[in-house]
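Some notes on the structure that comes next.
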Amino acid sequence: MPNPNALYRGRFAPSPTGPLHLGSLIAALASFLDARHSGGQWLVRMEDLDPPREQTGAAASILRSLRRHGLHWDDTVLYQSTRGAAYDAALAELTQRGLLFSCDCTRAMLDASGCCSGRCRDRQTDIAGAPHATRAAVPGDCRITFTDRLQGRLDTALGESLADFVVRRKDGLDAYQLAVVVDDAAQGITHVLRGSDLLDSTARQIFLQRQLSYATPAYCHIPVITAHNGQKFSKQNQAPALSDDLAAQNLRHALRFLHQDTPPPTLAGVEQVLAHAIAHWSLSRVPATLAVPAATIGLAT
Ligand code: GLU
């Protein structure tokens, strides 16, 4: 049983854009094992704040698959679609501190990294009534340095590379960067373990945590699994859904991808495989790279 006073609270935070696939199972399993091996708690948060990208029934299907794979979570699932008031409060605080500005640029006006390059900051009264995105104003000299538990020390010149990232979109939807920061803090998350495709987002999230006086969790970014064409397995790339009937085998594939100790073949059931995996979990065995092809674990794609 996880210890309710544990100093470790991890989470898996899927977006319900499709069913669980091997790539998302790997992220879920690694964060689960890291939490349980430390006697910690493991939460699930459904990041359902982008209805146009979501698929009907995907949230329920992901939760069903997690259960069938023995990945039982603590507490109740937090749905981001219910959290609008918390995101409003965070935006109000950032606004009060003069850290946000409105931007009515069209996509064509933005630079290659999606920044508005100073076009809007001095036109705030003109923009007020028009449809606009809300952006964080990152000081030009802002650098964010943190040590990822797997990828090591990372230093981002955030003020140079992403001086004004979006926190609320022009269509009125809250941006992932804001919501994830508010919810990691609200849920008391101490450890974030997720795929390396989100490594780029971490500096933005740490920037917001500092502005909102939130604690920064320990971060760990594991490699993503890539198909034969080098693309990451993702719902957008039509990664095949996992069969819940093959849950023990799926867990074994994910453990092989993570270079973990192989559970003996006599351990047939999901719970037995997981008990072995929790006891033998070793983060230092996970390859400290950003991507690993599926073929390395004998999966053809
Ligand atoms: N919802 C994000 C995704 O599915 C993950 C967010 C996170 O782990 O920070 O890619």
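The values are calculated or read from the model by the stated rules, or taken from the named source; none is laboratory data. Computed from a predicted model, the values in this text were never measured in an experiment. So basically every Cβ, Gly included, is an ideal-geometry build from the backbone, and we count neighbours across all protein chains shown. Quick note on the areas: whole protein, heavy atoms, side chains included, nothing else; ligands and nucleic acids left out. Shrake-Rupley method; radii C 1.70, N 1.55, O 1.52, S 1.80 Å.
Once every DSSP H run of n ≥ 4 in the chain is given -39500 (n - 2.57) and the sum is divided by its residues, what mean residue ellipticity at 222 nm do you get, rounded to the nearest 500 deg cm²/dmol?
One gets -9500 deg cm²/dmol as the mean residue ellipticity at 222 nm.
Under the combined filter of DSSP loop state and at most 10 neighbouring Cβ atoms within 10 Å, the stretch 63-168 retains these trypsin sites (Lys or Arg not before Pro): 97. Across the chain, the volume of the C-alpha convex hull divided among the residues equals 136 Å³ per residue. The ratio of the alpha-carbon radius of gyration of the stretch 56-117 to the globular-protein estimate 2.2 N^0.38 Å is 1.78.
Note on the chain: dipole from Cβ charges, positive end direction compared against 214, 196, 52; the farthest Cα belongs to 196. Treating each Cα of the stretch 155-301 as an identical point scatterer and ignoring solvent, apply the Debye formula and state log10 I(q)/I(0) at q = 0.10 Å⁻¹. Normalising to I(0) and taking log10 leaves -0.48. Would you please give the FRET efficiency between residue 145 and residue 213, computed as 1/(1 + (r/R0)^6) with r the Cβ-Cβ distance and R0 = 25 Å, to the nearest 0.05? About 0.85, to the nearest 0.05. For the chain, the solvent-accessible area of protein heavy atoms averages 45 Å² per residue (probe radius 1.4 Å; ligands and nucleic acids excluded). A cut-off of 5 Å between modelled amide H atoms, ignoring neighbours fewer than 5 places along the same chain, links residue 150 with 221. Ranking 160, 47, 54, 271 from most to least accessible surface, computed with a 1.4 Å probe over the protein chains only, gives 160, 271, 54, 47.
When nucleic acids and ligands are ignored and a 1.4 Å probe is applied, residue 166 ends up with an accessible area of around 40 Å². With a 1.4 Å probe and all protein chains left in place, how much of the accessible area of the chain comes from carbon and sulfur atoms, in whole percent? The C+S portion of the solvent-accessible surface of the chain is 53 percent. Computed over the stretch 52-201, the P(r) tail beyond 20 angstrom holds 60 percent of alpha carbon pairs. Distance from a point 7 Å along Cα→Cβ of residue 96 to each backbone N in the stretch 209-234: keep the residues under 13 Å and list them by number. From the stretch 209-234, the list is 212-213.
Under Stokes-Einstein, with the Kirkwood radius over Cα pairs as Rh, the value for the stretch 1-68 at 4 °C and 1.567 mPa s is 103 µm²/s.
Over all distinct Cα-Cα pairs of the stretch 1-117, the Kirkwood formula returns a hydrodynamic radius of 16.8 Å.
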